[in-house]
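Asks: My questions will all concern the structure given below.
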Ligand code: SAH
Ligand code: F3S
């Protein structure tokens, strides 16, 4: 009987890749069949996120549900960032859990399942040069980690405490992984790291890498079978001219840039320890739009960081209107343990926080409503990657817009020109031309 694996992945793209890594490692020993039904699983993995408080609370109620309905012999493992930060406490609050594996310890999954109880949440453990097994959930798109950890220590962010110090993956490993993935059909390479454009600053041996991020992008673009390159997340501080130049001029680099703003107020950015000012951000974004006129810019914004005044919030709104982001991910500030911001007492009350979030999101929706009709009759190159439940096929434009079309599923894995017939805020509908 083939064993069945239920795996739930929360949070960012790095977690998605960590889940793939765990599946690959498990498969080295014996094949596991993925199941969407936890009740029939022999192994239940929850790959957690701890960036905001909500998912952490959900974790324990979820474990309770799994314990109630799972097969008697099934093991439960909690992995990822919440595992790193809560560690032993997970066993105390949920004694049925068999193992706890931190975000930097996922390569130990086979050891973990072989024991009755197992805990490893060491954030200094270095998996940067570990050659994980091969597994990809999407054959058309290859996620590749180019660095682990983060050295930035933004005041609000728990990630450096769950993923440890920033270490770049050796370029030889990245290039061979990209080549293998592309040759097996993944036309798109998606590079992952907390600060991708700081790539090469420090390898596991303490030395600087041979390539910086711009050079790494150029190297990957030389692989014939690679047609598209994406990456997340770059940091606005490291968006130097060399980087913008390579981004704008290399046709294989998708014209979608994530510029996590967090706040438009220079004073708040300073307390957040972001390392740039309102003016720097605006200048970089404007230069990017000039150099790469078809770019789509996405961003992350936190409202109601401690001490955020009406004036600070107005600065954030001003940047929104100036840059006119194609996409925003916006959050109310959530105090996280271990972070320096958690010590701050000048909290913005929740009512104001909710009101600001709504103003921001409404404004963004209005901006999108102005932008979206302009896509009608435009022709985009779309890489079809996914069959939708309604029978349509979906793909992405270089700008990372989702396009759906009523076309044959034979087009999955193909890049085609699509004329937009019905543009909507989140999905552009069109026809292959
Ligand atoms: N560099 C990382 C950032 C990880 S966290 C990356 O690769 O995306 C993702 C986003 O969550 C951040 O950009 C920030 O906007 C948001 N975030 C992080 N900590 C937060 C907190 N304490 N409260 C609210 N939002 C937070
Ligand atoms: Fe977090 Fe800032 Fe690093 S948001 S992941 S500490 S760049």
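Computed from the coordinates by the stated procedures, all read-outs in this text should not be read as laboratory data. Just so you know, these numbers come straight off a predicted model, no measurement behind them.
Asks: What are the extents of the Cα atoms of region 3-120 along their three principal axes, in Å, largest first?
Replies: The principal-axis extents, from largest down, are 35, 29, 25 Å.
Asks: If you don't mind, there's one more thing I want to ask. Binned at 10 Å from 0, what are the whole-percent values of the Cα-Cα distance distribution for region 376-432, short to long?
Replies: 29, 62, 9
Asks: I've got another one for you. Please quote Rg/Rh for the chain to two decimal places, taking the Kirkwood radius as Rh and restricting both calculations to Cα atoms. Walk me through the numbers on the way to the answer.
Replies: Details: Rg = 21.9 Å, Rh = 22.9 Å.
Rounded to two decimals, Rg over Rh is 0.96.
Asks: How large is the helix-only mean residue ellipticity at 222 nm for the chain, computed as the sum of -39500 (n - 2.57) over DSSP H runs with n ≥ 4, divided by its residue count, in deg cm²/dmol to the nearest 500? Let's see the in-between values first.
Replies: Values: 13 runs with 144 residues, N = 433.
Calculated mean residue ellipticity at 222 nm is -10000 deg cm²/dmol.
Asks: Here's another thing I want to ask about it. Would you mind giving the three semi-axes, in whole Å and largest first, of the ellipsoid equivalent to region 172-238 according to its Cα gyration tensor? Numbers along the way, then the final one.
Replies: Values: eigenvalues 91, 38, 18 Å².
Semi-axes, largest first: 21, 14, 10 Å.
Asks: From the Cα trace of region 329-380, what convex hull volume per residue do you get, rounded to a whole Å³? Please report the intermediate quantities before stating the final value.
Replies: Details: hull volume 4.9 nm³, N = 52.
Convex hull of Cα atoms, per residue: 95 Å³.
Asks: Another one. Checking a compactness column here: for region 55-178, what do you get for Rg(Cα) / (2.2 N^0.38 Å), N being the number of residues?
Replies: Details: Rg = 16.1 Å, N = 124, 2.2 N^0.38 = 13.7 Å.
In units of the 2.2 N^0.38 Å rule of thumb, it is 1.17.
Asks: If you stretched the chain out fully between residue 24 and residue 39, how much longer would it get, using 0.36 nm times the residue separation minus the C-alpha to C-alpha distance? Display every interim value, and only then the final one.
Replies: Values: separation 15, 0.36 × 15 = 5.40 nm, distance 2.22 nm.
Additional length available on full extension: 3.2 nm.
Asks: Right, something else. So what are the three principal axis dimensions of region 138-254 from its Cα atoms, in whole Å, longest to shortest?
Replies: 40, 28, 27
Asks: Note down the Stokes-Einstein diffusion coefficient of region 256-374 in µm²/s, whole number, using a Kirkwood radius over alpha carbon pairs, 10 °C, and 1.306 mPa s. If you can, show how the numbers build up before the last one.
Replies: Working: Rh = 14.8 Å.
In µm²/s, the coefficient is 107.
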